[in-house]
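Please treat every number below as a calculation from the coordinates, not as lab data. Not measured: the values here are computed from a predicted model. No Cβ is skipped: glycine too gets one built from the backbone with ideal geometry, and neighbour counts run over all protein chains shown.
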Amino acid sequence: MLEMDRILRPNGYAIIRESSYFADNVASVAKGLRWSCRKEHTESESENEKFLICQKKLWYSSNATFLENKVTTTNIGSLSSFKAKKGV
């Protein structure tokens with residue numbers, strides 16, 4: 001699951017066909033990775049199989065949100081004057 005999380009783009013889907021027992025375990029791991037999942041029944045004769053349809057969500061850490069809120073026009077103006085002094 002961790003490797004799938006690394007490869008899958010945000011808002012991408014993973015469809016997993018597995019027994020109910022393993023689908024529940026995969027859903028638990030996916031929740032920890034901040035994926036949203038839903039279970040669907042298969043059309044096979046085996047009632048034990050389920051489809052697990054999971055979508056990877058785009059999320060930000062609370063630190064990134066904090067830093068985004070700190071950027072203001074004053075900071076950008078200071079950066080411009082710094083670049084002017086350095087000749088950049």
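Other residues whose C-beta falls under 15 angstrom from the C-beta of GLY32 contribute a net charge of +2, scoring Lys and Arg +1 and Asp and Glu -1. Whole-Hz Karplus values for the stretch 16-29 come out as 10, 10, 7, 5, 4, 4, 6, 4, 5, 5, 5, 4, 5, 5 Hz, taken residue by residue from phi with 6.51 cos²θ - 1.76 cosθ + 1.60 and θ = phi - 60°; glycine and proline positions read x.
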